[in-house]
Amino acid sequence: MKLPLTPGRVLLLCLASLAVGCAHTDAQSDEPREKSAAKAPKLSQQRQVLSEGYSMLYQEAGSLDASDLILLVKAESEAMHKVVTAIAEAGGDTKKDLERIAKDYPGVRIDLDPLPEMEKRKRTAIAKDRAKYFAPVVGHGGREYERTVLMGFANGLNHETHLCQVMAEAEPDAGLKKFLLDTQKRYDGLLERVTKLLETEYFKNP
């Protein structure tokens, strides 16, 4: 029997998706979306591929923007609070920038759904499996919880950094290329912060 998606369940799934590396989950509907090519028939092949990348970047920026929801569920250290807040700000800024770009550049779409159906199902299953870490009462807590969350962010930021890199290499527009390289640099800086925090506070020898 399928359990109803209460606000609490939606929150837990959102948090779990963040901890498995920005896995995108659709908690609102099980209806299949239109294929990307059908939604953007006027784009050239090059802009179609890039728009699929921009759409992924936009979806995942939205997940990063919601990162500070994690701070509402369980207590955390000051160091983790600072880095999670910085990640949320970066995601929010990237999301707003992409919304502006989509309005200014007709060849950029951020509303496509390029992931294969099985990949989406896999990511949703992983997110559901990890949701137990975020349950306020029965989930994990303390350093184990923080380490798990930070490793998830490291995963996600690494993914975003490389997505920006390959998109910048393929993007012919100078202004858009600059945006992608600037975003890559910001995400890479956050990845370094998370990695350093993990190494100094969570993986150091006793």
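The values are calculated or read from the model by the stated rules, or taken from the named source; none is laboratory data. Please read all numbers here as calculations on a predicted model, not as lab measurements. Every residue, glycine among them, receives a Cβ derived from its backbone with ideal geometry; neighbour counts consider all protein chains shown. The area values use the complete protein model at the heavy-atom level, side chains included, leaving out ligands, DNA and RNA. Shrake-Rupley method; radii C 1.70, N 1.55, O 1.52, S 1.80 Å.
At a glance:
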read-out: Residue list for segment 122-140, filter: open to solvent by 40 Å² or more (accessible area, probe 1.4 Å) and either modelled with pLDDT of 85 or more or more than 18 Å from the chain's Cα centre (by Cα) (or both); value: 132, 136, 137, 138, 140
read-out: Lone qualifier among 38, 75 - being of a type in the set (A, V, I, L, M), part of a loop (DSSP other than H, G, I, E, B), at pLDDT below 80 and open to solvent by 30 Å² or more (accessible area, probe 1.4 Å); value: 75
read-out: Filter result for residue 160 (out of contact with any strand residue (DSSP E or B) (no Cβ under 6 Å at 6 or more places or on another chain), surrounded by fewer than 16 Cβ atoms within 10 Å (Cβ to Cβ) and not β-branched (Val, Ile, Thr)); value: no
read-out: Inter-residue pairs, beta-carbon under 9 Å, first free of Cβ contacts under 8 Å to residues at least 24 places away in the same chain and in segment 163-186, second of a type in the set (Lys, Arg) and open to solvent by 70 Å² or more (accessible area, probe 1.4 Å), 6+ apart; value: 168/178
read-out: Residue satisfying all of: in segment 161-200; of a type in the set (Asp, Glu) and modelled with pLDDT of 95 or more; nearest to residue 78 (Cα to Cα) among these; value: 192
read-out: Residue count, segment 78-92 (criterion: open to solvent by 30 Å² or more (accessible area, probe 1.4 Å) and in contact (Cβ under 8 Å) with a residue 24 or more places away in the chain); value: 1
